[in-house]
Each structure stands twice: as structure tokens, then as C-alpha cells.
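These notes are about the structure you will find just below.
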Amino acid sequence: MVHFSVLEPWQDPRGGQIDRIRVDNGTLAIEVLSLGGIIRSLWAPDRHGERGNVVLGCDNADDYLNQNAYLGAMIGRYSNRIAKGQFSDGEQSYQLNTDPMGNCLNGGSEGFHRKQWTLGALNDGVRLSLVSPNGDMGFPGNCNIQLDYRLAGNNLYVEVMASVDQVCPVSLTQHSYFNLDSSDSCEQHALELEAAQFLTMDEVKIPTGIASCEGSPFDFQVPQGLNKALSNPELNNQGLDLCYLLDNPENTVKRIGRLSSAKSGRAMTLYSNQPSMHLYTANYLGGVQGKLNKQLKQHQGICLEPQQVPDGPNQPQLPGKPWLKPGELYHHISRYQFDVDA
């Protein structure tokens with residue numbers, strides 16, 4: 001049986017309140033905020049059956065609004081980067097909100113991660129809805145979004161549907177930072193990815209081509225510890241921040257990979273219907289205010305973000321379907337399966 005707890009709302013310093021709901025099915029539990037569609041906490045059992053939180057978050061609304069790490073949020077209207085914040089639908093060109101590097105990043109500075117969503121309960125989770133108006137961060141047309149977080153046994157389902165009344169690129173992703181053992185670093189986590197190719201990037205993280213994982217420090221087709229990849233001199237002591245292409249032309253829900261911690265015994269297997277997945281090892285998380293009034297550290301979490309490809313609206317040669325037309329339905333579904341190693 002699924003239990004729901006409506007938690008005391010937070011005051012939004014911008015006005016109004018931020019609703020909070022906890023959902024618990026006895027195996028997994030989540031706390032969700034109306035701010036940004038944020039998953040504030042996700043509890044999963046370790047090898048001893050003790051449940052612990054496996055995502056990074058903040059203590060209050062101010063801390064969420066003062067950070068730029070997108071902790072636990074739903075990202076949109078277009079996740080990742082659009083070069084120079086510009087695209088054209090063939091008839092009209094658009095200028096989006098841009099970051100200091102000159103690109104539109106994760107939907108803009110006031111993207112979906114900072115919006116107030118409408119939050120309500122389902123039988124097995126929560127449903128959030130949002131209307132993004134015409135011109136929001138420069139994106140054309142009105143966009144209606146429905147986001148479901150549902151618990152089923154040891155699985156968290158994230159399902160997003162969206163529609164538009166004007167041709168527009170749409171790509172949403174969940175931006176939780178996973179840490180399966182509550183340590184200060186994910187360097188001892190192991191990662192496996194069913195991806196044979198990744199996107200090469202320029203200095204501002206815009207795709208320049210496609211490369212094979214084989215023989216590169218970014219090859220996780222055979223499981224390896226993140227410490228090995230992070231210590232590679234090619235990364236200049238920063239970390240991993242790149243997009244893997246997934247062989248999924250039919251957009252079916254397929255296994256992407258598996259993250260595990262030998263320390264806790266927890267493992268998380270990710271499935272999705274998206275054409276790519278961005279991997280980010282929290283390279284610039286250091287100093288962000290986290291829970292219990294503690295500052296988070298570099299590499300303390302790892303993001304696995306299924307999505308359309310970065311700069312997809314400007315690079316039709318890349319896989320995926322970044323454009324959404326009126327009358328079409330955008331559909332993103334990802335499943336996070338939590339297990340315990342023997």
C-alpha cells in the first residue's frame with residue numbers, strides 16, 4: 001500500500017508557497033516539491049535493508065533558489081545547451097535566454113527548474129503540471145507539461161508528456177544528483193553504460209561530432225569505477241560532462257546502464273526511451289549549500305540525464321526528434337530500478 005504525507009509547505013520568497021508531498025510504498029519513498037518539480041529526497045534500501053536518501057538536496061526554498069546546480073529539478077523547455085541561444089523553425093528565428101558562455105542552458109535562467117508547478121497525488125505517486133507561456137525564456141508558443149513520479153515496487157517511474165501550439169524544440173530531463181552511499185564523493189561508485197558512442201564537444205559544450213567510446217577514457221561498456229575515469233589526465237582534474245548516444249531509433253524503453261556502490265550495496269539501473277543520456281559528475285558542485293546546513297563537494301553526486309541531444313534544433317544530422325509540432329505529443333519515460341547486490 002502506498003502512503004501519502006502532505007508536508008508543511010515552505011514559503012516561497014518570491015511569493016506564495018511551495019507544496020511538498022512524501023510518497024512511500026514500503027520499499028522506496030520520495031519527497032517532491034512544487035518548486036521545479038524537484039525530487040528533494042529519494043529513499044532506497046541498502047544491503048542491510050536500511051533505507052537512506054540517495055539524492056542530493058537542500059534544506060529550504062532559499063537554498064534551492066540560490067543555487068545553480070539544478071538539484072533534483074525537472075529541466076525544460078529544452079535540456080542541456082542550444083548554441084548561442086538561437087534556432088530557426090525554417091520561417092522564423094528565435095533568440096533565447098543565454099548563460100555566461102553564450103548558450104541557452106537547461107531552458108534558461110528561469111527555466112522549468114524555477115517554476116511553480118501544480119502538485120497533486122496519484123494512486124501510486126504524484127502528478128505535476130505546468131503551462132509555459134509563449135515567449136517563456138524566448139521559446140515560441142504555449143507548452144503544456146504533465147509530469148508523473150510513480151513508485152512501483154523497487155522502481156521509480158518518471159514520465160513526462162507535453163504539447164505545444166506552435167512548432168518548438170522540447171526536451172525535458174530529471175536532474176537528480178545520485179549518491180548511493182552518503183559519502184562525500186561518488187568516485188568509488190561503479191558505472192556501466194550501454195553506449196558505444198558519445199558526442200565530442202567544443203570549449204562551450206556544443207556538439208562537434210560523434211566519437212567511439214572504444215579505447216577512450218569515457219568507455220563504460222564494461223563496468224568501471226568512476227575513480228579510474230576521473231583520474232584520467234584528459235579531464236584536467238575536472239570530471240565527466242558529456243553526452244552518450246543510445247541506440248534506440250524506435251524510442252522504446254531500453255536499458256541504459258547501471259550505477260552501483262560496493263559500500264552500501266545499492267545499485268540503480270536506468271531505462272529510458274530517449275536518444276541520448278548526459279553524464280555529469282558534479283564537477284562544479286563544490287560550495288553549493290546542501291542539506292543539514294552542509295556545503296556540497298565536487299563529485300559528491302552523479303547525474304544521469306536521459307534527453308534529446310544537446311543543440312538538437314541546430315544539428316539535424318544528430319539522432320533524436322528535438323522538434324515538437326502542434327497536434328503531436330512529447331513523451332519521455334524513464335525507469336530507475338533500485339536493487340541490492342548480493
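Table for the structure above
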item	result
Accessible area of Glu194 in the full protein assembly, 1.4 Å probe (Å², nearest 10)	90 Å²
Cβ-defined net charge surrounding Gln188, 11 Å radius [Lys, Arg +1; Asp, Glu -1]	-1
For the chain, built as a Gaussian network whose Cα springs stay under 10 Å, the top-fluctuating residue of Ser132, Ser93, Ser79	Ser93
Relative contact order (%) - segment 72-179, alpha-carbon pairs under 8 angstrom, separation at least six	28 percent
Most to least accessible of Lys325, Lys291 (protein chains only, probe 1.4 Å)	Lys325, Lys291
Surrounding net charge for Tyr149, when Lys and Arg each add one and Asp and Glu each subtract one, Cβ distance under 12 Å	+1
The chain: relative contact order in percent, alpha carbon pairs under 8 Å with at least 6 residues between	18 percent
Reach of Lys294 by Cα under 14 Å, taken over aspartates and glutamates that are not fewer than 8 positions away in the same chain	Asp59, Asp63, Asp184
Cα-based equivalent ellipsoid, the chain: semi-axes from gyration tensor eigenvalues, Å	28, 26, 19
Mean separation of Cα contacts under 8 Å (6+ apart) over length of segment 188-240, as relative contact order %	38 percent
By accessible area with a 1.4 Å probe, ligands and nucleic acids excluded, highest first: order of Trp10, Trp323	Trp323, Trp10
Point-to-point label distance, Gln95-Thr208, nm (Cα→Cβ direction, 7 Å offset)	2.7 nm
Solvent-accessible surface (1.4 angstrom probe) belonging to Glu214, in square angstrom, nearest 10	140 Å²
Carbon and sulfur %, accessible surface of the chain computed with the full protein complex present, 1.4 Å	47 percent
Residue-averaged [θ]222 nm for the chain, counting only DSSP H segments that reach four residues, each worth -39500 (n - 2.57)	-500 deg cm²/dmol
Cα-Cα over 21 Å, subset of Lys228/Lys263; Lys254/Lys321; Lys84/Lys205; Lys254/Lys325; Lys228/Lys297	Lys254/Lys325
Ser212 accessible area, assembled protein chains, probe 1.4 Å, Å²	70 Å²
Probe 1.4 Å, accessible area per residue of the chain, Å²	41 Å²
Gaussian network model of the chain, Cα within-10 Å springs - most flexible of Ser171, Ser264, Ser276	Ser264
Over segment 73-145, equivalent-ellipsoid semi-axes from the Cα gyration tensor in Å	26, 14, 9
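The values are calculated or read from the model by the stated rules, or taken from the named source; none is laboratory data. Please read these numbers as outputs of a predicted model, since none were measured by experiment. Because the Cβ atoms are built from the backbone with ideal geometry, glycine has one as well, and the counts that use them run over all protein chains shown. Accessible surface is based on the protein model in full, side chains and every heavy atom, while ligands, DNA and RNA are left aside. Shrake-Rupley method; radii C 1.70, N 1.55, O 1.52, S 1.80 Å.
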